[in-house]
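The values are calculated or read from the model by the stated rules, or taken from the named source; none is laboratory data. Because the structure is a prediction, the values reported are computed rather than measured. In this analysis, Cβ positions are derived from the backbone assuming ideal geometry, glycine residues included, and neighbour counts consider all displayed protein chains.
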Amino acid sequence: MRYDEVEIGAELPAGSFRLRRADLVRYAGTSGDFNPIHWNEKVAAEVGLPGVIAHGMLTMATAGRVVTDWAGDPGAICEYGVKFSSPVVVPNDDTGALVEVRGTVEKKLDGNRVVVNLVVRCDGNKVLMAARATARLA
């Protein structure tokens with residue numbers, strides 16, 4: 001995406017991403033976060049969770065894909081912040097959890113940068129709040 005082609009209020013193409021238990025295992029190996037709430041039903045229940053949950057940072061990174069895909073550059077994000085509001089429960093089946101992401105350009109900044117607000121939901125619940133990314137465009 002080119003900076004001069006972007007308008008405030010423009011909607012980014014929405015993204016739908018499946019997270020399955022295998023994704024949690026791969027993310028744990030990459031991140032080093034082997035907390036059992038991300039793979040063990042019994043432990044998740046013992047701490048009051050509704051089931052095994054996705055890593056928060058995996059959810060955050062997954063949502064950021066909408067911005068990098070739109071920008072056409074995986075390194076386009078120069079600032080990104082969220083508040084975690086609800087866990088992404090990942091069932092032990094072939095379907096997994098569906099994370100749905102929508103983005104809107106909030107403003108344009110100097111230096112070919114734009115601020116994008118993201119709405120991130122799973123099963124109708126907002127899983128990230130105040131999700132905002134600043135991306136540098138061509």
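How many residues are surrounded by fewer than 11 Cβ atoms within 10 Å (Cβ to Cβ) and within 22 Å of V120 (Cα to Cα) if we restrict to the range 12-46?
2
Answer yes if at least one residue in the range 77-89 is outside any strand (DSSP E or B), surrounded by fewer than 20 Cβ atoms within 10 Å (Cβ to Cβ) and touching a strand residue (DSSP E or B) at 6+ places or on another chain (Cβ under 6 Å), and no otherwise.
Kept after step one, since they are outside any strand (DSSP E or B), are these residues of the range 77-89: 85-88.
Of the ones still in play, those that are also surrounded by fewer than 20 Cβ atoms within 10 Å (Cβ to Cβ) are 85-86.
If we keep only those that are touching a strand residue (DSSP E or B) at 6+ places or on another chain (Cβ under 6 Å) too, we end up with 85-86.
Within the range 77-89, one or more residues are outside any strand (DSSP E or B), surrounded by fewer than 20 Cβ atoms within 10 Å (Cβ to Cβ) and touching a strand residue (DSSP E or B) at 6+ places or on another chain (Cβ under 6 Å).
Here are some residues: L128, L98. Which one is under 14 Å from the mean Cα position of the chain (by Cα), crowded, with 21+ Cβ neighbours inside 10 Å and hydrophobic (A, V, I, L, M, F, W, C)? Spell out the reasoning first.
Working: L98 fails: crowded, with 21+ Cβ neighbours inside 10 Å.
After ruling out the rest, the residue left standing is L128.
Being in contact with a Leu (Cβ under 9 Å, 6 or more places away or on another chain), free of Cβ contacts under 8 Å to residues at least 60 places away in the same chain and within 30 Å of R113 (Cα to Cα) is the filter here, so list the residues in the range 8-53 that pass it.
Result: Y27, S31.
Kindly evaluate V120 against the criterion of being aliphatic (A, V, I, L, M), modelled with pLDDT of 95 or more, part of a strand (DSSP E or B) and under 14 Å from L58 (Cβ atoms). Let's see the steps before the verdict.
Details: aliphatic (A, V, I, L, M): yes; modelled with pLDDT of 95 or more: yes; part of a strand (DSSP E or B): yes; under 14 Å from L58 (Cβ atoms): yes.
Taking the combined requirement at face value, the residue satisfies it.
Residues in the range 1-33 that are at pLDDT 95 or above, assigned to a loop (DSSP other than H, G, I, E, B) and either touching a Pro at 6+ places or on another chain (Cβ under 7 Å) or closer than 16 Å to G103 by Cβ (or both): how many?
8
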